[in-house]
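Before any comments, here is the structure.
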Amino acid sequence: MNNTLDKKYLGEAAKLSGISGIRSGHVTWECPSNIALIKYWGKKGFQKPLNPSLSLTLHGAITRLSVDFKRLEGNREVTLDYLFENMPNHSFHDRFLKYLQLVSRYLPFLNTLHLSIQSHNTFPHSSGVASSASAFGALALSLCSIEQICFDTPDTGTEFLRKASFLSRLGSGSASRSVYGGYSLWGKAEEIPLSSDEAAIPINSEIADVFRNYCDSILIIQTGKKEISSTTGHALMKDHPFASARIIQANRNCVDLIRSLREGDSMRFVEIIENEALTLQALMLSSLPGYFLFHANTLEVIKKVREFRRETEIGIGFTLDAGANVHLLYPSGVANEVREFIDTALLPCCESGLVFHDITGNGPLRIE
Ligand code: DP6
């Protein structure tokens with residue numbers, strides 16, 4: 001397994017160990033979530049993906065996360081207080097603290113600090129948007145900014161984002177892709193130079209115009225807690241009878257999807273993303289134990305979307321998160337027709353008529 005970045009950041013860690021004139025400070029980042037078009041499903045080793053994945057970064061679905069840091073004399077381990085939507089949240093606090101302890105191998109100055117973190121999401125819980133992607137993206141970016149403030153390391157550009165992607169992956173795999181706008185790829189993919197299991201890379205050069213402002217309308221088929229967490233789901237890929245075929249398929253789909261993005265081939269794009277969405281469901285169905293992630297209305301929506309596409313020849317396609325909700329992806333040029341179709345034909349399939357309209361985003365932003 002290739003551990004180039006791990007070795008590099010561990011090698012540089014000795015220079016980042018607390019002997020800095022800076023005693024306190026404040027950073028805020030906004031990081032968007034993303035929707036996977038090629039699905040990350042299954043892990044190998046620690047937080048490395050079984051197969052490459054490719055996603056679209058969103059615009060409106062954002063975590064805004066602020067960190068106040070303060071050096072505490074005598075601190076030997078990072079300490080944390082945390083508020084989510086202005087309220088204490090013990091389970092997020094514990095997950096963040098465990099994460100901070102983990103990444104202090106690469107950022108040893110953290111052990112001298114007390115952090116006060118506050119985060120807010122622009123999207124509601126159970127809205128079909130992956131909150132761990134935006135949350136860990138925002139936290140990792142903030143930690144890289146604190147490193148920059150304390151040690152004057154680069155504060156923008158490729159190196160900064162690569163480290164943020166590497167660190168966010170350690171919190172949640174899909175977060176590694178959220179540090180870039182547009183399309184990003186995480187996981188070593190055959191035929192794709194520079195792709196890596198350790199961090200994501202942006203896939204934004206030579207993208208055809210039709211894919212630049214792609215829309216994502218998220219239909220909430222069912223609110224409430226998912227039947228199975230993605231962590232448990234990933235674990236089901238261990239010894240899965242179709243695992244090796246899945247790896248081959250995902251590699252092939254990555255190459256084909258990138259080709260369709262560059263050639264502007266909407267119909268091929270739709271074919272691949274729908275194949276990925278249904279494969280994820282099929283992998284879950286054929287796991288031991290097997291899980292149904294979709295709902296009767298998920299299937300109803302899929303049928304209607306395919307019918308609409310056949311009748312109108314509009315390049316609209318669906319993908320699914322690891323649950324029942326449906327993401328509809330389509331070019332911004334046909335947004336009016338598609339929104340009308342959603343309102344008249346699909347809203348009755350959504351719980352309380354809930355739908356969120358989003359669009360491709362440019363990536364995270366440092367606010368303070
Ligand atoms: C179905 O990134 O949430 O959304 O690494 O355990 O945090 P952890 O998993 P997570 O898995 C996301 C699974 C997925 C597909 C994807 O986003 O690629």
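The values are calculated or read from the model by the stated rules, or taken from the named source; none is laboratory data. Please read all numbers here as calculations on a predicted model, not as lab measurements. Ligands, DNA and RNA are stripped out before the accessible areas are found, and what is left, the full protein with its side chains, is counted by its heavy atoms. Shrake-Rupley method; radii C 1.70, N 1.55, O 1.52, S 1.80 Å.
Here are some notes:
- Order of exposure, largest accessible area first, which applies to TYR330, TYR40 with probe 1.4 Å: TYR40, TYR330
- Taking every protein chain into account, the 1.4 Å probe leaves THR223 with about 60 Å² of accessible area, to the nearest ten.
- When ARG105, ARG252 are compared by accessible area at a 1.4 angstrom probe, the order from most to least is ARG252, ARG105.
- When each of LYS7/LYS238; LYS7/LYS70; LYS8/LYS188; LYS48/LYS70 is checked by Cα-Cα distance, pairs over 21 Å: LYS7/LYS238; LYS7/LYS70; LYS48/LYS70
- Helical segments meeting 15 Å axial Cα length and Kyte-Doolittle 1.0 threshold in the chain (DSSP H): 131-151
- Accessible area in the full protein assembly, largest first, 1.4 Å probe, for MET267, MET87: MET87, MET267
- Region 171-298 - percent of accessible surface contributed by carbon and sulfur, probe 1.4 Å: 55 percent
- Probing with 1.4 Å while keeping every protein chain in the model, the per residue accessible area of the chain equals 43 Å².
- Largest-first principal axis extents of the Cα set of region 1-147 (Å): 46, 41, 24
- Potential lengthening of the chain between LEU285 and GLU73 amounts to 71.0 nm, from the contour at 0.36 nm per residue minus the alpha-carbon distance.
- Cα-only radius of gyration and Dmax that characterise the chain, units Å: 20.5, 69
- Qualifying aspartates and glutamates (Cα of each under 16 Å from Cα of LYS226; at least 8 residues distant if same chain): ASP321, GLU351
- Using C-alpha pairs under 8 Å with a sequence gap of at least 6, the mean separation divided by the residue count of the chain gives a relative contact order of 23 percent.
- ARG169 accessible area, assembled protein chains, probe 1.4 Å, Å²: 10 Å²
- Cross-link partners of LYS303 among aspartates and glutamates (Cα-Cα below 14 Å; sequence separation of 8 or more within a chain): GLU274, GLU311
- Surface share of carbon and sulfur [accessible, 1.4 angstrom probe, percent] for region 1-81: 53 percent
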